[in-house]
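Trainee: My questions all concern the structure below.
Read-outs throughout are calculated quantities, based only on the coordinates presented, and are distinct from any laboratory measurement. This structure is a prediction, so every number in the text was calculated from the model and none was measured. Backbone-built Cβ (ideal geometry, glycine too); neighbour counts: all protein chains shown.
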Amino acid sequence: MMTKSPIAGPIFNQDSSEFFFTHTADEISGEAVDAYIDRLAHAGVGTFVSCGNAMRANYASEVWERDWHGYDPEGSDDQPVLKHIPVEQVRTFRQRLDSAKRLADMGVDFHARAFARCRHHGLGAWMTMRMNDVHGCMDQDSPLLSTFYKGQRAANQLRTQYRDTSWMDRALDWERPEVQEHYFKLVQEQLKRFDFDGLELDWMRFCYHFRPGREMAGGRVITDWMCRVRTACDAAAKSKGHPIMLGVRVPSRPETARKLGLDAVAWAKEGLIDLVVPTPFWATCEFDMPMQEWHRLIGGTKVQLAGGVEIRYQPVPNGPATMMTAELATGAALSVLHGGADQVYLFNYFPSGHGLTKDWGAETIDSVFRAMKDATAMAKLARRHAITYRDIRAPGEPLDNALPGSDLQADMPSPSGCAFRINTGPIPVGRIVELLLEFQQGGIDPSQLRVHVNSQQCAIKQSSDDGVAIYNVPCELMEDESQVVDVIGGGKNAFTIVRVEVSVSAA
């Protein structure tokens, strides 16, 4: 078996714009970059992953347009680069551009400075590239759009021409050689310019890279392109005197990834990558990613496995959404580690005033992040597991969402209902365990239903007028990895369930 190069966890992905959004031009400095990394180190982050681009670079790139291309800091709010931004967004948009440009003008490169500070703390330092970011593409002339992108759009060379209903339809077509070369120039620059431990290719920004039906052929194109990147990483490693790993972010299901042309299993077996991060896209964190399957498929390779944990929580597609609580994040991360992943990978978890510090509090951030280093520490925390859905499918893949779950035979004389399987990680010995069911409002009386966990009926603890019912689950009923929840109705007591959670108290 090949030896794996260690990658410390948890892995923290830094968005391409968040630092500049949260620091004014007057506050921006090299010391501010240091303080940002200091905060992450204090919270227990093991590896920092810094994003240098969307459609443009957020540093003083010599091969790509910079974020502030065409922007005049002294100009008015109606200057050409800002004229298509909604009035209410101009101030924050200008702050981001002012801060990014100001830092570059000071001779400070955010990424180089951040990586140096990572070395100071002993953190892993990685660069991540968004491979097909399309923020702003639904606007005709958003300042987020690069000149390269506009040229591809003008030539009718985007991913689709016959449909135009979503961001994904307006993505670049990776079968086009000019797209491949555009991104390879950025790869070469970053390998030369920065000293990092690894380069990540983020294929989940924004997931769809080929014309519908061309994914398998396109996958061969990406594999060939990644061979070039692997060779470039190895060459840079020789010149810098240390290994440079290569990682990828791909859809949460191996077969979905393959059918989108992102065959990370093949890349692992061919020795092209060192890290694979199965992950959702954005709509919701996934609590049931098949980490065991990923672990089995890449077994025997040198590749490390990290499970992506997103910040958004949405049980039902297009339904109500919130940000992840600390307990939900703990539950999702524990399932990732218990399923066989080497590390937890955090995406959009910003420890800033407008992010987790506001919602969780600094002490909670520190306790949860530090525990994410291993499953034993995570299992001691209070946690909450939930049923959500996968927000990325290959074209033509059928829906398989567990929620909403309905009693479709409620008018039949015999009892009927629905069942769910919910991932919960290791068995919680000696803990308080509760099941939460939220019913779509409509006169349902939860006390008239029979609720079983692993074939044993559970007593209702409380219910509320807003359709939420909580049931006691004796912890001795709990099985390893996952539980089956069976809800049985009958007669006229029809129901629809829109949220399912299992909570486990702290040790």
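Trainee: Which whole-Hz ³J(HN,Hα) couplings does the stretch 54-69 yield from phi under the Karplus relation 6.51 cos²θ - 1.76 cosθ + 1.60, θ = phi - 60°, glycine and proline marked x?
Mentor: Values, residue by residue: 10, 7, 10, 8, 9, 10, 7, 5, 9, 10, 10, 4, 8, 3, 8, 4 Hz.
Trainee: Could you state the per residue volume, in Å³, of the convex hull enclosing the Cα atoms of the chain?
Mentor: It is 159 Å³ per residue.
Trainee: Across the stretch 149-162, in residue order, what do the Karplus-derived ³J(HN,Hα) couplings come to in whole Hz, using 6.51 cos²θ - 1.76 cosθ + 1.60 with θ = phi - 60° and x for Gly and Pro?
Mentor: Couplings: 4, 4, x, 5, 5, 4, 8, 6, 10, 7, 4, 10, 10, 9 Hz.
Trainee: Could you calculate, for the stretch 75-141, the ratio of the Cα radius of gyration to the Kirkwood radius, expressed as Rg to Rh? It would help to have the intermediate numbers written out before the result.
Mentor: On the way: Rg = 16.2 Å, Rh = 14.9 Å.
Result: Rg/Rh = 1.09.
Trainee: Turning to a different aspect of this structure: Run the helix sum for the chain: -39,500 (n - 2.57) per DSSP H stretch of 4+ residues, divided by residue count, reported at 222 nm to the nearest 500 deg cm²/dmol.
Mentor: On the way: 14 runs with 148 residues, N = 507.
After summing the helix terms and dividing by residue count, I get -8500 deg cm²/dmol.
Trainee: Further question on the same structure: Using alpha-carbon positions, what is the distance between the centroids of the stretch 341-377 and the stretch 417-451, in Å?
Mentor: Here the two parts' Cα centres lie 27 Å apart.
Trainee: Now, a different point. Using amide H atoms built 1.01 Å from N in the peptide plane, name the residues 5+ places from Ile427, or on other chains, whose amide H lies under 5 Å from its own.
Mentor: Glu481
Trainee: Can you give the Rg to Rh ratio for the stretch 405-504, taking only C-alpha atoms and Rh from Kirkwood? Write down the numbers at each step before the final one.
Mentor: Working: Rg = 13.2 Å, Rh = 13.7 Å.
Ratio of gyration radius to Kirkwood radius for the stretch 405-504: 0.97.
Trainee: So which GluC sites (Glu not before Pro) in the stretch 417-486 are both in a DSSP loop and have at most 13 other Cβ atoms within 10 Å of their Cβ? Before the final figure, lay out each step's value.
Mentor: Working: sites: Glu434, Glu438, Glu476, Glu479, Glu481; in loops: Glu479.
For GluC sites (Glu not before Pro) across the stretch 417-486 that sit outside H, G, I, E and B with at most 13 neighbouring Cβ atoms in 10 Å, the list reads Glu479.
Trainee: For every other residue with a beta carbon closer than 15 angstrom to the beta carbon of Asp26, add +1 if it is Lys or Arg and -1 if Asp or Glu, then tell me the sum. The partial results should precede the final answer.
Mentor: Values: positive: Arg91, Arg94, Arg96, Lys101, Arg102; negative: Glu27, Glu31, Asp98, Asp105.
Once all neighbours under 15 Å are counted, the net charge is +1.
Trainee: OK, next. Between helix 110-121 and the chain, what is the angle of the helix's C-alpha long axis to the longest principal axis, kept within 0 to 90° and rounded to the nearest 10?
Mentor: 60 degrees
Trainee: What number in nm² do you get for the stretch 53-179 if you take the convex hull of its Cα atoms and divide its surface by four?
Mentor: Details: hull surface 38.9 nm².
Value for the stretch 53-179: 9.7 nm².
Trainee: Kindly express, to the nearest 10 degrees and within the range 0 to 90, the angle between helix 30-43's C-alpha long axis and the longest C-alpha principal axis of the chain.
Mentor: Relative to the chain, helix 30-43 is tipped by roughly 30 degrees.
Trainee: I need the phi-derived Karplus couplings for the stretch 384-399: 6.51 cos²θ - 1.76 cosθ + 1.60, θ = phi - 60°, integer Hz, Gly and Pro marked x.
Mentor: 9, 10, 9, 9, 10, 7, 8, 9, 10, 9, 5, x, x, 5, x, 6
Trainee: Can I ask one more? Expressed as an acute angle from 0 to 90° and rounded to the nearest 10, what is the orientation of the C-alpha long axis of helix 362-371 relative to the principal long axis of the chain?
Mentor: Tilt relative to the chain: about 80 degrees.
Trainee: At what distance in angstrom do the alpha carbon centres of the stretch 191-267 and the stretch 115-155 lie from each other?
Mentor: 16 Å
Trainee: Run through every distinct alpha carbon pair of the stretch 461-507 and return the Kirkwood hydrodynamic radius in angstroms, one decimal place. Display every interim value, and only then the final one.
Mentor: On the way: mean 1/r = 0.0755 Å⁻¹.
Hydrodynamic radius (Kirkwood, Cα only) of the stretch 461-507 equals 13.2 Å.
Trainee: Once amide H atoms are built 1.01 Å from N in the peptide plane, which residues 5 or more positions from Ala494, or in another chain, come under 5 Å H to H?
Mentor: Residues meeting the criterion, in which the H sits 1.01 Å from N, do not exist here.
Trainee: Still on this structure, I have one more. Skipping prolines and chain starts, which residues have an amide H placed within reach, meaning under 5 Å, of the one on Glu200, given they are 5 or more residues away or on another chain?
Mentor: Hits under the 5 Å cutoff: Met127, Thr128, Met129, Gly247.
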